[in-house]
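The block underneath contains the structure these notes are about, expressed in structure tokens.
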Amino acid sequence: MNIKRAGWLLCAAMVFAICSGPVQAQGTTASSAAQMGTASLTNDILTQWNRAGMILAGMAKDFPEDKLEYRPKPEVRTFAEQILHATAASKMFADMAAGIMPKSFDDVEKPSRENLKTREQIVAFIQKTFADGAAAIQKYGDKGLLEPVDSPFEKGKKVTRAWMFTFATAHVYDHYGQCVVYYRLNGLVPPESRGQQ
């Protein structure tokens, strides 16, 4: 991923987080802190992080199991690979926020399916990834989220932990959009669009 694209994705994530704040799509719930109206960086990032995980898990649970290996063209990821890639990348960004740099990006670009063959295994991976990330966000708090960590894209550059989580969230929404296309190509309505027709 080039630096300009990374910058645009971060900007998009920040605009989304600022504009959407407590607004929730139908069928979703905000974190308990956001429901109480507590405004903070931690709550804003936590709300968006949890929503991203909910969207991925919802699609993984909903998409027909016999179509998890569907791909529109041979050179693109299957539906399951899209979901797993977005989840693996989210885990990687959460790890990098903790100072754990990946040995390579291979496991993110093409996550191993050895232990992620069934819908249940995929959903469990998503849920664990986002629960672990949510716990980390809460542990860091506002102050810790603003602490610098190494940039994943530019050696020697620093970004905040908050940047890592907002970038991960923007990345999930990018792949959510791709998964919507998979739904539509199969004549299906994505969960987040139901009830809007």
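Scanning for something surrounded by 22 or more Cβ atoms within 10 Å (Cβ to Cβ), among the hydrophobic types (A, V, I, L, M, F, W, C) and touching a Lys or Arg at 6+ places or on another chain (Cβ under 8 Å), does region 157-177 turn up at least one residue? The answer is no; no qualifying residue exists.
Looking at Ala170, is it part of a helix (DSSP H, G or I) and touching a residue at least 12 places away in the same chain (Cβ under 8 Å)? It is true that Ala170 is part of a helix (DSSP H, G or I) and touching a residue at least 12 places away in the same chain (Cβ under 8 Å). Annotation note: of Pro152, Pro148, Pro111, Pro190, the sole residue that is touching a Cys at 6+ places or on another chain (Cβ under 9 Å) and not aromatic (Phe, Trp, Tyr) is Pro190. The residue that is surrounded by the most Cβ atoms within 10 Å (Cβ to Cβ), counting only those in region 40-61 that are touching a residue at least 40 places away in the same chain (Cβ under 8 Å) and hydroxyl-bearing (Ser, Thr, Tyr), is Thr42.
Just a yes or no: is a residue in region 113-135 touching a residue at least 24 places away in the same chain (Cβ under 8 Å) and outside any helix (DSSP H, G or I)? Yes: region 113-135 contains one or more residues that are touching a residue at least 24 places away in the same chain (Cβ under 8 Å) and outside any helix (DSSP H, G or I).
Report yes if Pro102 is surrounded by 21 or more Cβ atoms within 10 Å (Cβ to Cβ) and in a loop (DSSP other than H, G, I, E, B), otherwise no. In short, no.
When Leu188 is tested against (1) assigned to a helix (DSSP H, G or I); (2) surrounded by 14 or more Cβ atoms within 10 Å (Cβ to Cβ), exactly one condition is not met: (1).
Annotation: Leu84 fulfils all but one of (1) of a type outside the set (Asp, Glu); (2) over 17 Å from the mean Cα position of the chain (by Cα); (3) farther than 25 Å from Thr42 by Cα; the unmet one is (2). Of note, Lys158 satisfies the criterion of being charged (D, E, K, R) and over 16 Å from the mean Cα position of the chain (by Cα).
The number of residues in region 134-149 being more than 22 Å from Asp62 (Cβ to Cβ) and touching a helix residue (DSSP H, G or I) at 6+ places or on another chain (Cβ under 7 Å) comes to 11. Here is the figure for region 38-66: residues that are modelled with pLDDT under 95 and touching a Ser or Thr at 6+ places or on another chain (Cβ under 9 Å) total 1.
Within region 120-156, the residues that satisfy the criterion of being modelled with pLDDT under 95 and surrounded by 13 or more Cβ atoms within 10 Å (Cβ to Cβ) are Asp150, Ser151, Pro152, Phe153.
The values are calculated or read from the model by the stated rules, or taken from the named source; none is laboratory data. The shown structure was predicted, so the numbers you read here are calculated from the model rather than taken from an experiment. Please note: Cβ atoms are built from the backbone with ideal geometry, for glycine as well, and neighbour counts cover all protein chains shown.
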